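Report on the following structure.
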Amino acid sequence: MVILRQGDYVWLDLKTGSEFDVPIGAVVKLSDSGQVQVDDDEGNEHWISPQSARLVRPMHPTSVHGVEDMIRLGDLNEAGILRNLLIRYRDHLIYTNCGGRTYTGSILVAVNPYQLLPIYTAEQIRLYTNRKIGEMAPHIFAIADNCYFSMRRNNRDQCCIISGESGAGKTESTKLILQFLAAVSGQHSWIEQQVLEANPILEAFGNAKTIRNDNSSRFGKYIDIHFNRRGAIEGAKIEQYLLEKTRVCRQAADERNYHVFYCMLRGMAGDSKRQLHLGNAEQYSYLTMGSCIQCEGRDDAAEFANICSAMKVLMFTDTEIWEVSKLLAAVLHMGNLLFEARTYDNLDSCEVLSSPHLRVASTLLEVDEVDLRNCLTSRSIITRGESVTTPLNMQQALDVRDAFVKARNHSQSPAITRNHSQSLAITHNHSPAITPCRMHGERWRSRPPQPDPKASRRSIGLLDIFGFENFHVNR
């Protein structure tokens, strides 16, 4: 039988039947001859009778105030881990080690504080430079430092995997590691600035507002940062994968399309918008399906300025930026095309309703308007050297339009390379924003830098896995 005293910490197992049904921490407040009052970690009061005493068990001392490394928890179970994270989070200690040095490497658990904490300053970078794991309080800079100096000492490539639920802060963690590596490499260069400035572009074309996160990455990315023999950053390669293509054409309720569309419509100069025949976000079907145009806390106009500035840092020309804008505008005009059902030779068919959107889209894509119309309303099959054309019904035509737009948005997979004294190579597997439309016949022809066989180049890889979302019904 458990004897409870005033001030004892216990585990309270309420067995609510919920999927999140785990014991919760509590402290004994009153203990008399009949019942025991306990207050749980959420501030709720519970009265425990002798008959329900089995719901209470003593808490190990290590779980009372928490530990920096959870391998030291006496209650090393789900309840103990969750409470340890909770009490540290309440003290604004968002980082906790998990297992110290294991065979899989150093493991750090981070909880998103949803606020800016003063723990990422230049002084913090200095404090965590060239320190062993566990020597300082848990911090993402400790992981970055461990990667960098393990690479230097052991002359071996390193990798850091950042995983978690949507909204957990993976992308921000990636940027913080890049910030640390750029600072600790010792030689601030144009290349380092380019690596950091790639983020605004990647986020604009791959992030969107969802019901779980106002800046959710709808793709995964792997950043491979290259260092020379002196430990300075000399280049990087970014690979993106598993882009959510459907979002370009459809969004769930209270969600938005990719940020770049709203930023462009809010931040682009009036003359440029008139050349592209653009209006406000409310006028485009692809931007209003989620009935959410604004994103609280985001300044789309200011973000557009940041995107353009980042492109300049990455040495995009004005012509290349304009080609990007034309392709984005064409996507919006394509989304406003309307179809009307018809019957042709007893076959269901359709026609594109007359509107300026088809003309503008064909002009921006630099294709013939009639050819574009025919491609949207019919399909051709070549059999035995003969071409057979079949009309599409209205639903099929809508599907073809959306498939065309998604293909345009996803098929842009060139390598953007820039030749400098030190080179940055970024490989994009999607994102029309970072390449002119291939219909124009334009491609960058700059040749990737040839590796020096005498150089001893090492790399640190950062894998920012897409967000895992936990829904009762997953569509």
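The values are calculated or read from the model by the stated rules, or taken from the named source; none is laboratory data. Just so it is clear, the structure is predicted and the values come from calculations on it, not from any experiment. When we count neighbours, we look across all protein chains shown, and the Cβ atoms used for this are built from the backbone with ideal geometry, even at glycine. Note: accessible area is taken over every heavy atom of the protein model, side chains too, but ligands, DNA and RNA are not part of it. Shrake-Rupley method; radii C 1.70, N 1.55, O 1.52, S 1.80 Å.
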Next on the checklist: I need the full set of residues from segment 125-149 which are open to solvent by less than 40 Å² (accessible area, probe 1.4 Å) and acidic (Asp, Glu), in order please.
Outcome noted: Asp145
Checklist entry - Of the numbered conditions (1) farther than 24 Å from Phe149 by Cα; (2) in contact with an Asp or Glu (Cβ under 8 Å, 6 or more places away or on another chain), Pro118 satisfies every one except a single condition; which is it? => result (2)
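Can you tell which of Lys237, Lys221 is part of a strand (DSSP E or B), crowded, with 16+ Cβ neighbours inside 10 Å and in contact with a His (Cβ under 8 Å, 6 or more places away or on another chain)?
Working: Lys221 fails: in contact with a His (Cβ under 8 Å, 6 or more places away or on another chain).
Only one candidate passes the filter, namely Lys237.
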Next on the checklist: Could you check segment 150-159 and list, in sequence order, the residues that are outside any loop (DSSP other than H, G, I, E, B), open to solvent by 20 Å² or more (accessible area, probe 1.4 Å) and not charged (D, E, K, R)?
Outcome noted: Asn154, Gln158, Cys159
Checklist outcome for this item: Here the residues within segment 44-85 that are open to solvent by less than 80 Å² (accessible area, probe 1.4 Å), in a helix (DSSP H, G or I) and without any contact (Cβ under 8 Å) to a residue 60 or more places away in the chain are Ser52, Ala53, Leu55, Thr62, Ser63, Val64, Met70, Gly80, Ile81, Arg83, Asn84, Leu85
Checklist entry - From the residues in segment 246-302 that are farther than 24 Å from Glu366 by Cβ and hydroxyl-bearing (Ser, Thr, Tyr), which one is least open to solvent (accessible area, probe 1.4 Å)? => result Tyr262
Checklist outcome for this item: Subset of segment 407-416, residues open to solvent by 50 Å² or more (accessible area, probe 1.4 Å) and either of a type outside the set (Gly, Ala, Ser) or modelled with pLDDT of 90 or more (or both), comes to His410
Item to check | Per-region count, segment 125-149, residues without any contact (Cβ under 8 Å) to a residue 24 or more places away in the chain, acidic (Asp, Glu) and in a helix (DSSP H, G or I) | outcome: 0
Checklist entry - Could you say whether any residue in segment 23-38 is under 30 Å from Leu108 (Cβ atoms), modelled with pLDDT of 85 or more, assigned to a strand (DSSP E or B) and among the basic types (Lys, Arg)? => result no
Item to check | Restricting segment 327-353 to residues that are surrounded by fewer than 18 Cβ atoms within 10 Å (Cβ to Cβ) and touching a helix residue (DSSP H, G or I) at 6+ places or on another chain (Cβ under 9 Å), the residue that is farthest from Gln395 (Cα to Cα) | outcome: Asn336
Item to check | Of all residues making up segment 86-124, the number that are open to solvent by less than 50 Å² (accessible area, probe 1.4 Å), in contact (Cβ under 8 Å) with a residue 24 or more places away in the chain and charged (D, E, K, R) | outcome: 0
